[in-house]
Structure formats: structure tokens, C-alpha cells
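Below is one structure; the comments refer to it alone.
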Amino acid sequence: MDIFKPIAKYLLDPLYAFHEDSSHPEFSEEYEKTQFMTKEKIADQQFFLLKNMLIHAYHNCSFYKNRFDQASFNPFKFYDFDELKKIPTLTKQDIQQNLEDLTASNYTKDQLLLNQTGGSTGSPLKFYVDLQRLHSRKASTYRHDRWAGWDIGSKTAVLWGHQGDFLPQENWKTKLRDNYYERKLFLDTSSITQEKMSAFVKQLKEFQPEIYLAYANSMFLYARFIKENNIKDYNRPNAIITSAEVLTPEQRKTIEEVFECRVFNRYGCRETSIIASECSEHNGLHISSEALYLEFQQNGKDVDVNETGKIIITDLLNFGMPLIRYQIEDAGAPLAGYCPCGRSLPRMDISGGRVTDFLVTSDRKVISGASMTIYFIAVINGIAQAQIIQNKVDELILKIVKSSLFSDKTEKEIALKIAEYFGTNMQYTIEYTDNIPVTASGKYRFSISHIDPMEYLS
Ligand SMILES: [Zn+2]
């Protein structure tokens with residue numbers, strides 16, 4: 001028996017909550033119950049929270065005060081979900097241009113955390129999350145991880161392409177926390193080589209995680225590495241949670257075959273954390289409805305069940321910087337009916353999202369397209385949207401939509417970043433365009449590769 005598991009759950013987690021003054025245990029207890037409330041009760045609670053947020057935003061954010069007044073929307077007379085449609089949707093550009101006016105005036109900067117998205121569907125977005133919201137986000141993550149069989153203290157391997165999300169192992173205190181409380185093994189998949197994959201096999205065998213949390217593409221590539229190299233002795237977790245990238249049915253099949261366990265797909269974003277996750281039924285994703293209100297729309301109208309629409313999110317709990325009717329630029333479909341798992345949280349399918357193929361560098365290293373949205377595009381000024389296409393090794397095509405910050409420096413920065421990540425021998429051409437369209441199913445293809453990464457990993 002793993003004695004550190006109950007220690008993490010019953011001793012370290014409450015201690016951490018006390019030390020950090022975190023209310024995640026209270027949210028966690030609540031979310032374990034609310035997921036089984038009736039649909040009607042969940043809707044009632046959402047309506048209450050939504051009205052509360054609308055009034056708060058009207059009072060404390062000059063952006064929303066102006067926007068509601070212009071739309072003749074009175075939050076005090078909000079009696080029906082449908083009235084919400086009077087408010088124009090909040091675009092990424094709105095946030096980029098109005099960060100301070102969107103921030104609640106009754107919050108000070110030390111009550112807020114500044115966060116930033118990558119550039120997968122455009123240029124990076126800076127936004128604030130209030131500290132209390134971080135606690136409910138943590139509780140929501142706990143709850144959704146539990147659906148895959150995780151619990152506090154479960155050893156988890158994180159195959160992730162963004163090192164910024166890794167817990168820094170700074171001193172003995174943080175090391176103790178990581179080893180005995182968080183119990184996570186971080187494996188960096190932003191760039192991958194054959195040696196690195198072999199090291200993953202060894203590290204995972206030693207660590208013996210129960211759960212993997214992974215970028216979908218990274219997980220698929222690791223599964224293929226094991227399969228195609230005929231490796232027999234490797235760690236098989238109890239469940240795998242995939243996130244951050246679109247998971248195709250083919251990828252799911254391969255991952256489940258290789259690791260002999262189920263994949264629990266997840267949809268989330270940095271702005272709101274977990275949006276929806278699969279339960280043990282694997283029939284759609286339950287929405288985290290205690291904290292988020294989702295609309296699925298086409299041409300300004302709600303779509304029917306099972307029909308794909310643009311996803312519009314309202315965060316019901318981020319009072320520091322309210323996100324009301326936020327156009328996340330993903331597509332999905334609302335699902336109907338009850339789930340046999342007994343949870344009444346509404347379900348959805350995610351049909352669109354970020355498609356990020358792996359790319360190959362001039363020195364034959366395989367790098368994660370999803371990571372490039374963070375390390376490459378997000379740090380260059382002047383790019384509104386980008387797409388990297390690789391038809392052959394040693395050659396890239398960059399499609400770029402210029403932003404208002406574009407200048408002579410932008411191309412120089414691109415050249416430096418290409419050399420840094422893809423090697424000095426990488427040839428590339430830049431094609432400027434007005435728009436990079438999403439695919440018919442709502443997928444935004446950030447990187448498109450016609451090269452099989454496995455050729456360089458086996
Ligand atoms: Zn379910």
C-alpha cells in the first residue's frame with residue numbers, strides 16, 4: 001500500500017489549505033455534491049450566480065457599464081437566460097484593448113494574478129484571475145480528475161509541452177511539496193528526441209504513476225514510440241487524461257491499446273481552467289457548470305442539441321476580471337439526455353479546438369506545435385495570427401496575419417526564433433494574409449505537418 005497517499009490527502013492537503021488560506025477544500029466538498037443535483041437546480045444556481053456577476057460587472061467594470069448601457073441591458077431586470085444575448089460577445093481583441101477597464105475597481109492588483117494564453121488562435125492574451133477564483137479552479141480540477149480515478153495523493157505523470165506550468169523545484173520545501181503532496185512527475189514534451197522518449201519509459205517505470213495528464217498529441221506520440229519500437233516493459237497507468245489539443249478517435253484508440261486503460265478527454269483553457277471533462281461513460285464531456293455558463297451559437301442564435309456552434313463562455317466566479325460572453329474561438333455541440341453516471345451536469349462535445357501537429361527541426365528534433373504557440377508566436381510582437389506549415393524537412397511556410405504592432409523588427413524577431421527553435425539551417429518563407437480561417441468543424445490548425453514525426457524517433 002502507498003502510505004504517502006493518505007498522508008497527502010488527510011494531512012498535507014488540509015495543511016496546505018490552512019497555510020495558503022485556500023478555500024479549495026470547501027469548494028471541493030460542494031462540487032462533489034452539486035454534480036448530482038437535478039438539472040433544474042443546477043440551472044437555478046447558474047442563474048443566481050450569473051445575475052450576481054452581471055450586477056457586479058456593471059457596478060465595478062467601466063467596460064461593462066458602457067457595454068450594457070449601449071445595449072440597453074439592465075442587469076437588475078435580468079430574469080431570463082435569453083436576455084443575455086442582448087450583450088455583445090466579448091472578443092479576444094476586446095480584452096487586448098481594454099484590460100484595465102475590464103478589471104473590477106473593487107479589486108487591488110495584489111488580489112489578482114496576471115495570466116497569459118499562448119498564441120494558438122491568435123496573438124497572446126493577458127488577463128487577470130482573482131485569487132479566490134484560483135481556489136474554485138483547483139477544486140474543479142480535483143473533481144474532474146476524480147472522474148478518471150485520481151485522488152489527492154495519487155502519483156501523476158504530466159506529459160506537457162509548456163514548462164511554465166511545471167512546479168519549480170526551488171528549495172527543500174518545494175521539493176517536499178512536489179514529492180509528497182503534489183506527487184507529480186513532469187515530462188517536458190515541448191521538444192522530443194529518441195533519447196528523451198527512452199528516458200520517459202525509464203522515468204515512468206521508476207515513478208509508477210497511477211494517472212497520466214498529457215497534451216493529446218504528446219501522449220499519442222509516446223504511445224506510438226512504445227508500439228513501433230516494440231517496447232514491452234513500460235508503465236501502464238490506470239487512466240489517461242488528455243487535454244490542450246484535439247484528440248482524434250485514431251489517437252484515442254492507439255493510446256488505449258498501448259496503455260490498456262481508458263482515455264478521459266478534457267477541454268479547458270487558461271482563461272477559465274477546466275471547461276468540461278469526460279466521465280466514466282466517455283459519452284460527451286460534462287461541463288463545469290457551477291462555475292461556467294456556456295452558450296453554443298451560430299449566427300447569434302443557440303444551436304439545437306448535437307449541432308455544432310461557436311462556444312461562448314461566461315465565468316460565474318472570476319469577480320476580479322469578469323469574462324461575460326467570451327468568444328473563445330472554439331466550436332462544440334450541446335448534448336441532451338441524462339448520463340448513466342448519474343451526474344446532471346450538462347454535457348457537450350468538443351468538435352473544434354487547437355490542432356497542432358509536431359514539427360521537425362533542421363537537426364531532426366521533433367518539437368510540439370502546441371509549445372511553439374507559447375514559445376515562438378506568443379513572444380513576437382506584431383503577429384495577430386499565425387500558422388506554420390511543414391511540407392518537407394528543412395523548409396517551413398509561415399502564414400502570418402499582421403497586428404497593429406507589426407514593424408520591421410517583427411521579421412527580425414521571427415528569424416531569430418526560427419534559428420533558436422528550428423536551427424540555423426531551416427529555410428522558411430513568410431506569406432502574409434488577412435485571415436487564417438478555421439476548418440469547417442471549427443478546428444484552428446496552428447501547425448500543419450506532412451512529415452511523420454515517428455521517422456525521427458525510431
Ligand atoms: Zn457522466
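Computed quantities for the displayed model
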{"read-out": "Residue 104 vs. criteria more than 16 Å from the ligand (Cβ to nearest atom) and not basic (Lys, Arg)", "value": "yes"}
{"read-out": "Lone qualifier among 193, 189, 248 - being in the same structural domain as residue 15 (by TED's automatic domain parsing), at pLDDT below 95 and crowded, with 21+ Cβ neighbours inside 10 Å", "value": "189"}
{"read-out": "Residue within the stretch 298-313 that is touching a helix residue (DSSP H, G or I) at 6+ places or on another chain (Cβ under 8 Å), closer than 27 Å to residue 136 by Cα and away from the ligand (no atom under 16 Å from the Cβ) present", "value": "no"}
{"read-out": "Hits in the stretch 1-31 - residues which are in a loop (DSSP other than H, G, I, E, B), surrounded by 13 or more Cβ atoms within 10 Å (Cβ to Cβ) and modelled with pLDDT under 90", "value": "2"}
{"read-out": "Filtered residues of the stretch 332-367 (kept if of a type in the set (D, E, K, R), within 16 Å of the ligand (Cβ to nearest atom) and closer than 23 Å to residue 247 by Cα)", "value": "347, 349"}
{"read-out": "The stretch 1-31: number of residues that are touching a residue at least 40 places away in the same chain (Cβ under 8 Å) and either outside the structural domain of residue 136 (by TED's automatic domain parsing) or among the hydrophobic types (A, V, I, L, M, F, W, C) (or both)", "value": "5"}
{"read-out": "Top-ranked residue of the stretch 197-255 - restricted to ones that are among the hydrophobic types (A, V, I, L, M, F, W, C) and in a loop (DSSP other than H, G, I, E, B), ranked as nearest to residue 181 (Cα to Cα)", "value": "244"}
{"read-out": "The stretch 251-285 - residue that is within 16 Å of the ligand (Cβ to nearest atom) and among the aromatic types (Phe, Trp, Tyr) and, of those, modelled with the lowest pLDDT", "value": "267"}
{"read-out": "Residue within the stretch 279-289 that is closer than 15 Å to residue 327 by Cα, assigned by TED's automatic domain parsing to the domain that holds residue 330 and in contact with a Ser or Thr (Cβ under 8 Å, 6 or more places away or on another chain) present", "value": "no"}
{"read-out": "Scope the stretch 32-41; condition in contact (Cβ under 8 Å) with a residue 40 or more places away in the chain, within 27 Å of the chain's Cα centre (by Cα) and surrounded by fewer than 13 Cβ atoms within 10 Å (Cβ to Cβ); matching residues", "value": "39"}
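The values are calculated or read from the model by the stated rules, or taken from the named source; none is laboratory data. Since this is a predicted model, take the numbers as computed values, not measurements. When we count neighbours, we look across all protein chains shown, and the Cβ atoms used for this are built from the backbone with ideal geometry, even at glycine.
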